[in-house]
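Have a look at the structure below, then the notes.
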């Protein structure tokens, strides 16, 4: 793409009224009061969503996984995708990690209520949005205080089924009515999750990528949910405008500084959440921004692009790179090393316990136990593991490679080692001296293979870090330029927000006439 100077930068000076999210204090105080009972919430859902009545389910989270809002009012909805592939795995993950969300929407469109709506669920974590409450502009952090969270079952790479999106749309419309939430206060976790500096990879990351680029924001916008350019621009015009670059990584200008302020006024956090020393950076209001389009700002544009570019263009955006995406072929080398060390250990144990130190029957049991453990770390086992890794990766389950495949395998190696030691110790003809001798051999073997796994994991992460710095970030920076299309969309969003706020102001004044 070639660099083109924008002739229409006068649009940068949009009225501040159109840029801020304005929520009159009186509107907040007029929110309808509901019971804190999750059963009452569930009955209200069934009354107000009759078309989804047979798709509504109640499965309360442990009360220790959520708490009170401490007087904060619900102002927004935040949508997520789960990365887990099923409803059950999502609920299990939430409950086991001590976190929570008000709703989970499954692929078939079914909705599970898990936390009372007047309570604060723990789903947004480090998060940010700039809003105006009454006459005061506030930069809100920890948006759990002010939000309803919706998890949508999706691995992070696959399309969202039509029936699932319909339920998401109907649910958000219900929440907008119940809590008097405006259409412009529907956020993705990605855009409020804030950019952070990751010292491990020595670079910036978008803290959360959900819901991913295939989420159907267009459907929601057509039904009055969220702000999006939708079909107001043709695919041909969108593609042409996308090829007209206004600013790119490495550029410096006063106009880039103005753009940062516009995006912050719209609500985005421009500075990273933390600095390179790990100190929290907050707030952004009146921040001393640089005039450079740097790596951090590229991630801010990534946030904006994933949420607001037209669907056909969003499809080409880069995905979040994960450690699990780097297929560690050298895992087989680690396996060979562990296998060879166990073969040596096995020979020493057999030599130490051969008859007459054990009777014939117990010696056969010993050989059987050693053979069973050997199967856990055989070359065939590693080949099978790598096959499953590739299968998971190709089936959009890459986010589960570590938790569902690698870690269980690693733990199994150590668990079965304890089983082996217990089985040998329980042999009837073994002496106490031999029990101590064999236990000592096994205890020395354990840290050796632990070291092998740790070395493998260091290599694994180093490969990820190299790929991140050498391939992913440069590719992301090339795609995350600010184009005429981005400018067109931001202008539309600023006007649309102004219209929403204008209608709200009219309705507010009308109530006193």
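Measure nothing but the geometry: give the 0 to 90° angle between the long axis through the Cα atoms of 87-97 and the longest principal axis through the Cα atoms of the chain, rounded to 10°.
80 degrees
Angle check, please: helix 331-353 long axis (alpha carbons) against the longest principal axis of the chain (alpha carbons), in degrees 0 to 90, nearest 10.
Approximately 30 degrees, to the nearest 10.
To one decimal place, what Kirkwood hydrodynamic radius in Å is obtained for the chain from all pairs of distinct Cα atoms?
Radius from the Kirkwood sum: 26.1 Å.
Give the order of 386, 242 when sorted by the count of other beta carbons within 10 angstrom, beginning with the fewest.
Ordered from fewest to most neighbouring Cβ atoms within 10 Å, 386, 242 come out as 386, 242.
With N set to the number of residues, divide the alpha-carbon radius of gyration of the stretch 46-138 by 2.2 N^0.38 Å and report two decimals.
It is 1.21.
Output the relative contact order of the stretch 324-470, whole-number percent, from Cα pairs under 8 angstrom with separation of 6+ residues.
39 percent
Distance in nm between label sites at residue 58 and residue 418, each 7 Å beyond Cα in the beta-carbon direction?
With each label placed 7 Å out from Cα toward Cβ, I get 4.0 nm.
Under the rule of -39500 (n - 2.57) per DSSP H run of 4 or more residues, summed and divided by the residues of the chain, what mean residue ellipticity at 222 nm is obtained, to the nearest 500 deg cm²/dmol?
After summing the helix terms and dividing by the residues of the chain, the value is -15000 deg cm²/dmol.
Rg and Dmax of the stretch 324-470, using alpha carbons, in Å: what are they?
Answer for the stretch 324-470, Rg first and Dmax second: 18.0, 61 Å.
Just to confirm the number: angle between the C-alpha axis of helix 432-467 and the first principal axis of the chain, 0 to 90 degrees, nearest 10?
30 degrees
Each label point is 7 Å from the Cα along the Cα-to-Cβ direction; what then is the distance between the points at residue 69 and residue 351, in nm?
Going from the residue 69 label point to the residue 351 one covers 7.2 nm.
Using Cα pairs closer than 8 Å and at least 6 residues apart in sequence, work out the relative contact order for the chain, in percent.
18 percent
Using a Förster radius of 51 Å, what is the FRET efficiency between residue 457 and residue 312 based on their Cβ-Cβ separation? Nearest 0.05, please.
Step by step, r from the Cβ atoms, then E = 0.85.
For labels at residue 163 and residue 329 in the simple 7 Å Cα→Cβ model, what's the distance in nm?
4.2 nm
Quick check: the distance between the Cα centres of the stretch 150-172 and the stretch 251-267, to the nearest angstrom?
33 Å
Read-outs throughout are calculated quantities, based only on the coordinates presented, and are distinct from any laboratory measurement. Quick caveat, the model's predicted, so the values are computed rather than measured. Backbone-built Cβ (ideal geometry, glycine too); neighbour counts: all protein chains shown.
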